[in-house]
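Taking it in order: structure first as structure tokens, then the write-up.
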Amino acid sequence: MSAVKEFKLSQYQSELEKIIRNYEEDEFSLLEVLHEAQELVGYLPKEVQKIIADELQVAPGKVSSVISFYNHFSDSPKGEYQVAICKGTACYVKGSKEIIEKIEEKYGISSGETTEDGKLSLEVVRCLGACGLSPVMTVNGKAHGLLNPEKATKIIDKYLNNEMKEV
Ligand code: FES
């Protein structure tokens, strides 16, 4: 049984409808509504997508394709610790591929996934804007650079063991 918190639509429904009412009923409002809905819920589960599609009168397939197109949106819950690892050119040539493989192997998750206990999620992203420190990852937005596979997993373990102070 996964420890990731169950999503309860009733908890968010009225707030969600309030958000949608602020926008025109068309697909041009979709990005903004999705953004606000994700701020509210933390991610965009199918039930939320359905309400948005119905209320804005947009095809459900359109909603899910927008979500998968933009890295910013997620249809699954994120972990307590969110690792984003860069696969941009500078990081790639300095070995980010090996780091990603090590993380995937050690924690059993791929990009876009969260561990069963809800602690860790992984996202592979484009340039994080810190190429001078490549290869780079962020954990909950905090950058860690000049990584190798061992260093990266050591840092992640520290977060998981509450030995890493978040700033
Ligand atoms: S390519 Fe990785 S931070 Fe720029």
Selection within the stretch 105-158 - in a helix (DSSP H, G or I) and either of a type in the set (S, T, N, Q) or open to solvent by 60 Å² or more (accessible area, probe 1.4 Å) (or both): E105, K106, C131, G132, L133, E150, K151, T153, K154, K158
All but one of (1) part of a helix (DSSP H, G or I); (2) touching a helix residue (DSSP H, G or I) at 6+ places or on another chain (Cβ under 8 Å); (3) over 18 Å from F7 (Cβ atoms) hold for L34, so report the exception by its number. (3)
Give the stretch 69-104 a look and list any residue that's closer than 15 Å to L31 by Cα and either in contact with a Phe, Trp or Tyr (Cβ under 7 Å, 6 or more places away or on another chain) or part of a loop (DSSP other than H, G, I, E, B) (or both), or say none. Y70, N71, H72, F73, S74, D75
Do we have E98 as in contact (Cβ under 8 Å) with a residue 12 or more places away in the chain and either more than 16 Å from the ligand (Cβ to nearest atom) or within 27 Å of V33 (Cβ to Cβ) (or both) here? no
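Could you please let me know if V83 is within 16 Å of the ligand (Cβ to nearest atom) and surrounded by fewer than 17 Cβ atoms within 10 Å (Cβ to Cβ)?
Numbers: within 16 Å of the ligand (Cβ to nearest atom): yes; surrounded by fewer than 17 Cβ atoms within 10 Å (Cβ to Cβ): no.
No: the conditions fail for V83.
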In the list V66, V58, which residue meets the criterion of being open to solvent by less than 80 Å² (accessible area, probe 1.4 Å), among the hydrophobic types (A, V, I, L, M, F, W, C), away from the ligand (no atom under 16 Å from the Cβ) and part of a helix (DSSP H, G or I)? V66
When you look at G95, is it open to solvent by less than 90 Å² (accessible area, probe 1.4 Å), assigned by TED's automatic domain parsing to the domain that holds G141 and closer than 18 Å to L122 by Cβ, yes or no? yes
Would you mention how many residues in the stretch 38-55 are touching a residue at least 24 places away in the same chain (Cβ under 8 Å) and in a helix (DSSP H, G or I)? 10
S74 vs. criteria crowded, with 17+ Cβ neighbours inside 10 Å, modelled with pLDDT under 95 and over 20 Å from L9 (Cα atoms): no
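The values are calculated or read from the model by the stated rules, or taken from the named source; none is laboratory data. Being a predicted model, the structure only gives us computed values, none of them experimental. FYI the Cβ positions are ideal-geometry reconstructions off the backbone, even for glycines, and counts take in every protein chain you see. Remember, those area values only see protein heavy atoms, side chains included, never the ligands or the DNA or RNA. Shrake-Rupley method; radii C 1.70, N 1.55, O 1.52, S 1.80 Å.
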